Every structure is written in structure tokens, then in C-alpha cells.
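Q: Let me begin by handing over the structure; questions about it come next.
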Amino acid sequence: ALRAANVIIGELTKNDQIQRIELAGSVRRFKEVVQNINLVVATQMTHEEFAQFLHSVPPVESIELVDPDKIEATSSLGIPIHFHLTDLNDFHPVWLRHSNSADHNEFLKQVARERGFSWRKNGLHRK
């Protein structure tokens, strides 16, 4: 999965409208068994434009627009790929959320609530 992710990242970095891309999720955490590849992408493209661009990325197949922030695809090896789209300003909190385990994200939400914040997909916000 890591090799496939690196090939995809290499292809995506060739596009000038992609400002930043990072590996997230279980592949980034070097888990022995992974169910998918998660990539967080800061781009100026709409999700439709990004999905269209993905058709030119060799290891990416069967592209599906899930919502404005997420596109799901499959690698040529059959590994599901989740592209999490954001703008550059919200990149770090989106990357953090998709890099953590679900349990760690719940812990961060609890700590945020205890300190008077809400933890949303684009970062911490004072209540």
C-alpha cells in the first residue's frame, strides 16, 4: 500500500493546482495491515475537477465523488483510496483528523470540550 501511495503522490505533485499532499491514516502510521490508503490533498480544484484529473493518474481506477471533501477510488492493486480534499488554510487540522485513529480523535474531541472548544473538521473553535 505504501508503494502505491507513493506512486500516486508522485503523480499528483506534477499538477500545479495541488498545493500540498500528505499520506494519512493507517499507511502513514505504518500499520502492518491496512484497509485503505488515505491522502489529504490541498488543492485549488473543485472536487469535480480533481476527480477528472484522477483519470490521468495511472494507478487510480473507479473514481467516485462521495461529497465535496472526499473522493473514493481504487488502486490498480485493488486497494481502496480515500482522497480528502481541503484548502491550504485548513490542511493541518484535516490532516491531523485523518492521520489519527478513531479512538485518538474521540480523545481529542473530549479534551477540546473540557477546555471550552469544539473540534470540527477544520480545527478547534472556541464555543
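Q: Hey, among the residues in the range 10-47 that are among the polar types (S, T, N, Q) and crowded, with 20+ Cβ neighbours inside 10 Å, which one's farthest from PRO68 (Cα to Cα)? Even if it seems obvious, please write down each step before you answer.
A: Taking the range 10-47 and keeping what is among the polar types (S, T, N, Q), we get 13, 15, 17, 19, 26, 35-36, 38, 43-44, 46.
Keeping just the survivors that are crowded, with 20+ Cβ neighbours inside 10 Å gives 38, 43.
Numbers: ASN38: 16, THR43: 12 Å.
Only one residue fits best here, namely ASN38.
Q: Looking at the range 50-69 only, could you name the residues that are within 15 Å of ILE18 (Cα to Cα) and surrounded by 11 or more Cβ atoms within 10 Å (Cβ to Cβ)?
A: The answer is PHE50, ALA51, GLN52, PHE53, LEU54, VAL57, ASP69.
Q: LEU88 fails exactly one of the following numbered conditions: (1) loosely packed, with under 12 Cβ neighbours inside 10 Å; (2) touching a strand residue (DSSP E or B) at 6+ places or on another chain (Cβ under 6 Å); (3) farther than 20 Å from ARG120 by Cα. What is the number of that condition?
A: Here LEU88 meets the rest and fails (3).
Q: Also, I was wondering about something else. Could you say whether any residue in the range 86-108 is at pLDDT 90 or above, among the hydroxyl-bearing types (Ser, Thr, Tyr) and over 18 Å from the mean Cα position of the chain (by Cα)?
A: No, the range 86-108 contains no residue that is at pLDDT 90 or above, among the hydroxyl-bearing types (Ser, Thr, Tyr) and over 18 Å from the mean Cα position of the chain (by Cα).
Q: Using beta carbons and a limit of 7 Å, which pairs, at least six apart or on different chains, have the first residue in the range 48-60 and over 13 Å from HIS82 (Cα atoms) and the second one part of a loop (DSSP other than H, G, I, E, B)?
A: The qualifying pairs are PHE53/ASN15; PHE53/MET45; PRO59/SER76.
The values are calculated or read from the model by the stated rules, or taken from the named source; none is laboratory data. Computed from a prediction, not measured in an experiment: that's the story for all the values here. So basically every Cβ, Gly included, is an ideal-geometry build from the backbone, and we count neighbours across all protein chains shown.
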